[in-house]
Amino acid sequence: MIWSLQAVPPISDQQFVLWSKLLEERAGIYLSAQQRTFLQTQVAMRMRELGLTDYGHYYAMIMDGVPGLIEWSQLIDRLVVKETSFYRHQPSFDFVAEHLAQRLSVAADQPHYDVWSVGCSSGEEPYSLAMVLSDGCRSAHREPLFSITASDISRAALSVAKAGVYGARRIEPVDLQQRQRYFAPVDDDRFRVVASLRDRICFNQANMLDINEMPAVRVDLIFCQNLLVYFRRWLREKIMNAFVQRLKPGGALVIGLGEVLDWSHPEMQRASNDGVQAYLHK
Ligand SMILES: C[S@@+](CC[C@H](N)C(=O)[O-])C[C@H]1O[C@@H](n2cnc3c(N)ncnc32)[C@H](O)[C@@H]1O
């Protein structure tokens, strides 16, 4: 890595338009004028690493064939907000526990419960789901027959997720019993999710802009929180409609509260739980 001590100048209006358009075209992420400093800081940081001081020059580099795409995959890791935590929105996880219990109670033969965690970041969300499902199967005296596909655009986030190693502070939202059951100490301050849980999750890189090109595998639960909020309304709706085609009858779609307003679909009905934005496939 080349570090340059040269300062990168502030981004011009014209360059801000070019870079924010590129981010929206390639990842769906819409930046308002207020987020100009964020974009500038992230792009400039990468430019300093590469010894560049001209935004136009760096833009041309990004647009240049396969090497440009490789560089883009480095940059996108810095342009996405990866903030997450275990059990980030507890009522949504309580809803998942109820949905699983309901699915198990009506089936004579135990069904396989399949989940898609969309925009999974560094893994806290799919591991929280895995703990909920594992405990849910356990209390219903059933086998832990579930699997989770967890996807994100950021390779850096996915590599943290796959390792499944977290500091003591990060796992604080997990209750003591689950910590004892599902984490093993790595050293004084770090804990690793146990293999029996990690093995149930398949992490993969996917860009939600391409959802209509992805195989339409039907699952029991789609959990997508704090991702749609970065997209424009038309894109949120396009993705919500594509989710419907990927749910089994009776399957649930759980999104972040208020992330999509005024959306409805003839095959879906809003679940009545307070404090949760969830829909059930009819
Ligand atoms: C704020 S995090 C949310 C993480 C987690 N779902 C939660 O609620 O805690 C948003 C995640 O969405 C991912 N993301 C952003 N744009 C994406 C896209 N176009 N396709 C797939 N993932 C994307 C980011 O990389 C980031 O990890």
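Observations on the model:
- Near Ala150, the amide H atoms lying under 5 Å from its own belong to Ser117, Cys202, Phe203, Asn204; only residues 5 or more places off or on other chains count, and H is placed 1.01 Å from N.
- Sorted peptide list for 216-228, 133-145, criterion being average Cβ within 10 angstrom, highest first: 216-228, 133-145
- Distances between placed amide hydrogens fall under 5 Å for Val8 paired with no residue 5 or more residues away or on another chain.
- Over the chain: helical MRE at 222 nm, DSSP H runs n ≥ 4 each giving -39500 (n - 2.57), nearest 500: -13000 deg cm²/dmol
- Phi-based couplings in Hz for segment 272-282 (Karplus 6.51, -1.76, 1.60; Gly and Pro marked x): 8, 4, 5, x, 9, 9, 9, 10, 10, 6, 5
- Simple label model, 7 Å out from Cα along Cβ direction - Leu145 to Glu267, nm: 2.4 nm
- Where Rh is the Kirkwood radius over Cα pairs, Rg/Rh for the chain: 1.01
- Remark: spin-label model distance Val186-Ala101 equals 3.4 nm, labels positioned 7 Å along the Cα→Cβ axis.
- Folded to 0 to 90 degrees: helix 65-79 orientation relative to the chain principal axis, Cα: 70 degrees
- Note on Leu50 and Ala163: the model spin-label points, each 7 Å out from Cα along the C-beta direction, lie 2.5 nm apart.
- Hz values of 3J(HN,Hα) by residue in segment 120-135 - Karplus curve (6.51, -1.76, 1.60), Gly and Pro given as x: 7, 6, 7, x, 4, 5, x, 5, 5, 4, 4, 5, 4, 6, 5, 5
- Since only His141, Leu197, Ser272 are under comparison, the one whose Cα sits farthest along the positive direction of the charge dipole of the chain, derived from C-beta charges on Lys, Arg, Asp and Glu, is His141.
- Between Ser196 and His57, residue separation times 0.36 nm minus the direct Cα-Cα distance comes to 45.2 nm.
- q = 0.26 Å⁻¹, segment 13-79: log10 I(q)/I(0) [Debye, one scatterer per Cα]: -1.40
FYI, it's all coordinate maths here, none of it is from the lab. Owing to the predicted nature of the structure, the values given are computational and were not obtained by experimental measurement. No Cβ is skipped: glycine too gets one built from the backbone with ideal geometry, and neighbour counts run over all protein chains shown.
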